[in-house]
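See structure below.
The values are calculated or read from the model by the stated rules, or taken from the named source; none is laboratory data. Note that the structure is predicted; figures quoted are calculated from it, not measured. Methodologically, a virtual Cβ is constructed for each residue, glycine included, from the backbone with ideal geometry; neighbour enumeration extends over all protein chains shown. Heavy atoms of the whole protein, side chains included, go into the accessibility calculation; ligands, DNA and RNA do not. Shrake-Rupley method; radii C 1.70, N 1.55, O 1.52, S 1.80 Å.
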Amino acid sequence: MASLISCPHCGMRPKEEFMIRGDAAPVRPSAMASDEAWHDYVHLRNNPRGRVREHWQHVAGCRRWLLVERDNLTHAVFSVADAAAEGGQ
Amino acid sequence: MAYDYQAVHALEGTIGAIAERRANHLAVHRATAMAMVLASPGRVPEAVGILVANGDFEVRFSGPGEWLVLSEVHAPETLAAELGVRLGDAAFVIDQSHGRVALTLSGPDAARILANGVAVDLHADSFPVGRAANVLCHHISVNLARTGAQSFDLVAMRSFAEALVGDIKIMARSHDLSVDFATR
């Protein structure tokens, strides 16, 4: 069964229309931050089970970046919001 | 400066010359004036007002503050310039007249045929006449618009046109479909 994502601009759409960038938690360090901070940001990720916040892009629809909060075990989707509306986090 | 470009339709030589028009028909438009319009930040209402001010433009939703604009009044060569003059700095305009191909699928089974490749509810209650959306038709991104109870417009990138027509033929395998260039 396909996962359905409720795009705030386009309505209910199948996950095939989206591109998943991944975890929305890491915050980009400043340009002059230490190598360790950049290494963490670029390469290190937590791998939690359960509720996650991710950046998804609706490439085959409105092409907007979205913040999707979902459970990666049950595929339940809790919230979908435009990333710009969330302050570009 | 005048250049003498060769304008060849993306589907030239692959369709056409049908013996008879069937119950469901896919008409491929030869030359459609099209442009993408993206509103400047914070100026969406102003851009919408200009676009719908008179009946010159057919405005189809593409994304927030972004529309696919078609016109029967303006020629493919002049639509983008006309939009640019009217919209000023309220929006950005990019000509798509030769970049995309417009198809019209009509007939009693039009919605059923599309349902074989499009994962959007096409019932008239949830996708009424005038509604448009960017959707995935199999693996090809198209702008789908309902233009009547039994007719839909599909606009796809030019280089995907042949694959899209092939997909629609497969989607319509259990329905009666003919494909040809539109005559008008």
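Things worth noting here:
- Some residue of the range B:125-146 being farther than 27 Å from B:ALA39 by Cα, within 12 Å of chain A (Cβ to nearest Cβ), in a loop (DSSP other than H, G, I, E, B) and at pLDDT below 95: yes
- On the stretch given as the range B:62-72, residues that are touching a helix residue (DSSP H, G or I) at 6+ places or on another chain (Cβ under 9 Å) and either touching a residue at least 60 places away in the same chain (Cβ under 8 Å) or away from chain A (no Cβ under 14 Å) (or both) total 3.
- If the condition is being within 12 Å of chain B (Cβ to nearest Cβ) and either at pLDDT below 90 or open to solvent by less than 70 Å² (accessible area, probe 1.4 Å) (or both), then the range A:39-82 contributes A:GLN57, A:HIS58, A:VAL59, A:ALA60, A:GLY61, A:CYS62, A:LEU66, A:ASP82.
- Options B:LEU51, B:LEU26, B:LEU38: the member that is touching a residue at least 60 places away in the same chain (Cβ under 8 Å), open to solvent by less than 80 Å² (accessible area, probe 1.4 Å) and hydrophobic (A, V, I, L, M, F, W, C): B:LEU26
- Of all residues making up the range B:147-184, the number that are outside any strand (DSSP E or B) and among the hydroxyl-bearing types (Ser, Thr, Tyr): 3
- Test: residue in the range B:148-171 that is open to solvent by 60 Å² or more (accessible area, probe 1.4 Å), among the hydroxyl-bearing types (Ser, Thr, Tyr) and within 16 Å of the chain's Cα centre (by Cα): yes
- All positions within the range B:104-134 that are charged (D, E, K, R) and either under 14 Å from B:ALA145 (Cβ atoms) or in contact with a helix residue (DSSP H, G or I) (Cβ under 6 Å, 6 or more places away or on another chain) (or both): B:ARG131
- Close pairs from the range B:1-12: first closer than 18 Å to B:VAL101 by Cα, partner β-branched (Val, Ile, Thr), Cβ under 6 Å, at least 6 apart: B:ALA10/B:VAL101; B:LEU11/B:VAL28
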